[in-house]
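Below you'll find the structure, written out as structure tokens, and then a few comments.
Just so it is clear, none of the values below were taken in a lab; they were calculated from the coordinates. These numbers come from a predicted model, not from an experiment. Because the Cβ atoms are built from the backbone with ideal geometry, glycine has one as well, and the counts that use them run over all protein chains shown.
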């Protein structure tokens with residue numbers, strides 16, 4: 001069974017196979033791989049020397065483009081590792097407030113990084129389209145960095161969506177009633193006369209034997225002979 005915010009019960013035995021099959025862990029690994037590709041492509045061949053011996057960025061000689069692509073990818077690389085560790089520790093969190101903070105941090109960071117990769121994709125694509133002459137070396141790397149920046153938008157966006165579903169699930173559990181209504185108790189109690197008889201009378205008068213005893217007492221003058 002699932003615990004608070006979609007995690008397992010705190011203190012449950014760790015199952016590595018189930019852990020690696022979780023959508024959050026798979027997407028973290030994908031984001032981690034994409035970040036390596038982006039900053040690896042830019043770092044390896046994104047900078048080349050011009051005729052004056054000065055290193056320039058292949059994205060239209062704009063150093064900010066190369067630095068931006070490498071910067072967001074390095075942070076994404078570290079964040080992906082950190083959140084994978086967080087997914088492992090998430091199962092051990094017994095406090096609902098701690099799980100809520102983790103889910104909110106996941107939601108905020110993943111959504112923000114999807115936006116940054118969208119900006120990076122537009123930025124790198126724009127600068128690459130302005131290059132007058134394609135370089136003889138590094139063209140494939142520059143195009144691969146653009147492509148995997150585009151893919152990273154969807155991977156981080158999917159993580160933000162899963163985090164939102166986690167948060168929504170935890171909020172629904174917080175406001176859910178702690179008991180379930182018993183349908184058998186929805187009807188009126190039959191022990192009350194009003195629920196059994198619409199006229200409000202008893203179907204059988206209580207102490208039905210009392211009038212007979214009272215009549216016998218009246219016939220014997222109010223004194224009843226003791227039984228022998």
Highest to lowest packing among 115-127, 27-39, 74-86, scored as the average C-beta count within 10 Å:
27-39, 115-127, 74-86
Between residue 125 and residue 88, what is the FRET efficiency for a Förster distance of 35 Å, r being their Cβ-Cβ separation, to the nearest 0.05?
0.45
Given 92-105, 55-68, the highest-first ranking by average Cβ count within 10 Å works out to 55-68, 92-105
If you bin every alpha carbon distance in region 13-167 into 10 Å steps from zero, what whole percent lands in each bin?
11, 38, 26, 16, 8, 2, 0
Relative contact order, percent, of region 13-167 when contacts are C-alpha pairs under 8 Å separated by at least 6 residues?
36 percent
